[in-house]
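In what follows, a single structure is set out as structure tokens and then discussed.
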Amino acid sequence: MFSLLLLPLALIACSDDEGPPASPTYTPDFIQMSYEAMPGVGFMVDSTDDPYGEREAFTAELESAFVADILAAVNVDDLASEEAPGGYQSDTNPSIQTRLPEAWADATRAAAAIGVVMLQWSVLLTDFTPEAGGETRFGVVTFPEGKLDEALAADFFAHAAKVDPGLGGGFFAFADSMYFLNIGDSQGAPFSGLDDDAFVAKLGEAAESFAPVPAEITQSGLCDARFVDNDWNALPDGDSYWEALGVDEAGKAELLALQDEYRTLFQQAVTEYGWDMAPDPMPKTSPPRGFWGGHRFGLAASR
């Protein structure tokens with residue numbers, strides 16, 4: 001089971017009238033940054049040859065020290081960080097969940113730095129208690145204490161996608177809960193194909209019909225969810241990330257040096273775990289990794 005580092009999220013109030021009341025003593029003051037350690041572009045790894053535990057070990061290695069170096073390069077402090085399961089298109093992978101101070105400009109620069117250094121299609125930023133209200137519906141499914149691990153998360157994710165394919169878009173997990181977001185495109189149309197009420201109803205149906213362990217929706221509300229991303233097909237140098245960063249040449253050189261270090265760390269993991277990897281020239285034609293896997297690019301293109 002993951003640590004309880006992120007457990008206070010269970011106390012977050014919804015930004016509308018649904019869900020349990022907020023704790024009277026807890027006021028969240030952070031933005032959640034969600035991303036993967038595995039590269040989203042530039043490499044091709046046969047997923048059948050890189051078991052979850054190996055990818056989890058690589059993720060934990062980066063989360064323990066390397067992520068802090070990236071954030072330091074753009075002068076952003078993190079409040080806390082941990083490795084936890086995350087999912088995209090019914091595929092469960094280790095992810096990193098980092099809390100950042102509730103300042104969108106700094107959070108955006110942090111996400112762009114992570115994206116360009118760790119070769120991600122997208123990094124997700126989420127504020128569960130936005131001051132101005134949110135536009136993205138979320139639902140939280142909670143399991144008995146100590147039961148939620150990567151295997152159970154993968155089982156529930158697959159089960160939810162069978163209840164409705166719209167629930168198979170993505171999730172992230174904290175402590176004993178899985179968070180599902182009904183993310184929309186630039187016009188607000190949900191990628192799930194479900195309106196907000198149907199999304200939460202189907203998630204409840206999935207929880208009620210899940211056989212392995214008891215599961216229930218414990219919260220639903222509106223959050224402010226934003227992608228910081230780069231379309232590597234159109235912009236193979238990561239231009240969108242560099243624009244968001246706004247760094248000078250010295251700052252860019254520092255981040256490119258970290259990108260080289262990241263490539264080295266990944267190559268070392270390939271050797272250590274014997275992953276079946278072949279160089280994958282940038283850009284890819286379709287993004288299989290990156291938080292929500294470059295959701296806007298992959299799903300919008302499939303419509």
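The values are calculated or read from the model by the stated rules, or taken from the named source; none is laboratory data. None of these values were measured; they are calculated from a predicted model. Here Cβ is always computed from backbone atoms with ideal geometry, including for glycine, and neighbour counts include all displayed protein chains. Keep in mind that these areas ignore ligands, DNA and RNA; they rest on the heavy atoms of the full protein, side chains included. Shrake-Rupley method; radii C 1.70, N 1.55, O 1.52, S 1.80 Å.
Quick look at the values:
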quantity	calculated
Residue among A107, A113, A72 that is open to solvent by 40 Å² or more (accessible area, probe 1.4 Å) and assigned to a helix (DSSP H, G or I)	A72
Total residues in the range 195-209, condition open to solvent by 20 Å² or more (accessible area, probe 1.4 Å) and either among the acidic types (D, E) or touching an Asp or Glu at 6+ places or on another chain (Cβ under 9 Å) (or both)	8
Set E83, E102, E145: member being closer than 30 Å to P214 by Cα and more than 12 Å from the chain's Cα centre (by Cα)	E145
Failed item in (1) surrounded by fewer than 21 Cβ atoms within 10 Å (Cβ to Cβ); (2) modelled with pLDDT under 85; (3) within 21 Å of A110 (Cα to Cα), with T285 passing the rest	(3)
Candidate set from the range 75-95 (those that are closer than 30 Å to G246 by Cα and among the charged types (D, E, K, R)); member that is surrounded by the most Cβ atoms within 10 Å (Cβ to Cβ)	E83
Residue check for A57: open to solvent by less than 50 Å² (accessible area, probe 1.4 Å) and either at pLDDT below 95 or part of a strand (DSSP E or B) (or both)	yes
Tally of residues being of a type in the set (D, E) and under 30 Å from P236 (Cα atoms) across the range 118-167	1
Pair list, Cβ < 7 Å and 6+ apart or interchain, from the range 247-267 residues that are open to solvent by 70 Å² or more (accessible area, probe 1.4 Å) to residues that are aliphatic (A, V, I, L, M) and assigned to a helix (DSSP H, G or I)	E254/A73
Enumeration of residues in the range 205-242 that are of a type in the set (G, A, S) and either under 14 Å from T126 (Cα atoms) or part of a loop (DSSP other than H, G, I, E, B) (or both)	S209, A211, A215, G221, A225, A234, G238
Test for F138: is it crowded, with 17+ Cβ neighbours inside 10 Å, of a type in the set (F, W, Y) and assigned to a strand (DSSP E or B)	yes
Top-ranked residue of the range 151-195 - restricted to ones that are charged (D, E, K, R) and modelled with pLDDT of 90 or more, ranked as nearest to S220 (Cα to Cα)	D195
Residue in the range 93-111 that is modelled with pLDDT of 90 or more, in contact with a Gly (Cβ under 7 Å, 6 or more places away or on another chain) and of a type in the set (V, I, T) present	no
Any hit, the range 76-94, residues being of a type outside the set (D, E) and in a helix (DSSP H, G or I)	no
Hits in the range 161-183 (condition: open to solvent by less than 50 Å² (accessible area, probe 1.4 Å), closer than 22 Å to F143 by Cβ and not in a strand (DSSP E or B))	A161, V163, D164, G166, L167, G168, G169, A175, D176, N182
Test: residue in the range 216-226 that is out of contact with any Gly (no Cβ under 6 Å at 6 or more places or on another chain) and closer than 30 Å to V117 by Cα	yes
Flag if R99 is farther than 22 Å from F191 by Cβ, open to solvent by 10 Å² or more (accessible area, probe 1.4 Å), assigned to a helix (DSSP H, G or I) and of a type outside the set (G, A, S)	no
From the options S186, S122, S192, residue that is under 17 Å from the mean Cα position of the chain (by Cα) and open to solvent by 10 Å² or more (accessible area, probe 1.4 Å)	S192
